[in-house]
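Have a look at the structure below before the remarks.
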Amino acid sequence: MMTATSKANSSERTTGPLLWRLPSGSLVQGTVADGFEEVAEAFMQGFLDRGEIGASLCIRVDGDVVIDLWGGMADISTGEPWDEDTVSVVFSCTKAAAALCIHWLAARGLLRIDERVSHYWPEFGTGGKRDITVRMLLEHTAGVPVLRQPLKADCLEDTDYMAHKVAEEMPFWQPGTAHGYHAITFGVVLGELVRRITGRSIGQFFDCEIAGPGGIDFWIGLPRLVEPRTATIIPPLASEIPQTPFSLALADKGSIPGLFIYNSGDWARRGMNTRSGREAEIASANGVTNARGLSSLYALLLPGATAEFEPLLRHMREATARRPPLMDRTLLLPTRFDSGFMLRMDNRTSSDDRSSLVYGEQAFGHCGSGGSVGFVDPMARMSFGYTMNRMGGGVLVNDRGQALIDATYQSLSKLRPRR
């Protein structure tokens, strides 16, 4: 057993199976391939120096697992350990799963990305939304990032209710002329598109066509049998939430940021740790998985891995190069989205480096509230997943997740000359 009581010491590095004991008495364990010891150390530092409670990390290169780590506590109130198969809510990482459902349908000719949403869902085409296309939704340019009409407390757990409310909404800007993160409505509309086209809910479709066949532990709508191995989410401390243009805008509850936070029901405060909140199908927010699940999902997007997603890969090669960062009308910082995914967003010149998501120039993925993140880098032939239960502050990735991403690229850069 390798014991860590302060910082992980480079002299204690090993390859293959690893087992560390934290000062709390809980364990961190898993496997590390040669050359990726620096990533394992960064994972340990999350627990020792950055307040990590429970987490998992999985990285694949050319489809092969080079990092598979997990540890800490799944429930701080009981001391229940974070085990190899522990899963947790990953918030907006779910949006990538929802987007892949749309791209799967497009590849099969059941949906056209540049078609109007109202072609598949006529009720959506009212109030100035007739010409909104599926692509606009995937790019967060559709103009319906939030809803003006007051919503009931359990709105996100009522799929039909939310679809009706979104269909009634009017755009906040001329669709396609600006962009702003569609934090909740993204999943509502994509979910309704899947239902209208296939007759199945998005959770059922994702399970039957993508996660299930791939043997991926990832659910939109958690089965009861998986509930016992689900970690308890710990909200961030008020002191960890930085002052940003977004947080300052919350003083106006009628603004787009204000409506996002104050008119989205109470799921983010109550539902994320309840059975009803996890079994609901909230395609923007309540996916449940772990690092293996995220890494496996993105491994489907490695070149040559899955025929249905090859058109998406071809498009993203161009999109990552040509799409500039633009001011986001929801998050109030420069962001880049394409095809339902986040592209590299480097805002580190600002005063708050938690408003960034920095990975390879051709990588694409999605982070979730509090810090979970998954992505694929086709150039590096690498897929990455990180999940945790103690949420951090910031708009995008916090220092725990970014440290893991940085260490991964540092390790890859050292290994490349050997290939």
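Figures for the structure shown
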read-out: Peptides ranked, highest mean first, by Cβ atoms within 10 Å: ranges 114-127, 19-32, 365-378; value: 365-378, 19-32, 114-127
read-out: For the stretch 373-378, Karplus couplings with θ = phi - 60° (6.51, -1.76, 1.60), whole Hz, Gly/Pro x; value: 7, x, 6, 10, 10, x
read-out: Solvent-accessible heavy-atom area per residue, rounded to whole Å², over the stretch 91-150 at 1.4 Å; value: 34
read-out: Contact order relative to length of the stretch 19-149, as percent, for alpha carbon pairs under 8 angstrom and 6 or more apart; value: 15
read-out: Integer Hz, Karplus 6.51/-1.76/1.60 couplings in order for the stretch 276-284, x for Gly and Pro; value: 5, x, 8, 7, 5, 9, 10, 6, 9
read-out: Burial ranking of peptide ranges 80-92, 251-263, 386-398 (average Cβ count within 10 Å, highest at the top); value: 386-398, 80-92, 251-263
read-out: With every protein chain in place, the stretch 124-184: carbon and sulfur % of accessible area (1.4 Å); value: 53
read-out: Helical contribution to [θ] at 222 nm, DSSP H n ≥ 4, -39,500 (n - 2.57), averaged over the chain, rounded to 500; value: -8500 deg cm²/dmol
read-out: Mean Cβ count within 10 Å, highest first, over the residues of peptides 169-181, 271-283; value: 271-283, 169-181
read-out: Under 23 Å from the Cα of K253 - lysines, other chains or at least 8 residues apart; value: K152, K165
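The values are calculated or read from the model by the stated rules, or taken from the named source; none is laboratory data. These numbers were taken from a predicted model, which means no experiment stands behind them. With ideal geometry, Cβ positions are generated from the backbone for all residues, glycine too; neighbour counts draw on all protein chains shown. Please note that ligands, DNA and RNA were not included when accessible areas were found on the heavy atoms of the full protein model with its side chains. Shrake-Rupley method; radii C 1.70, N 1.55, O 1.52, S 1.80 Å.
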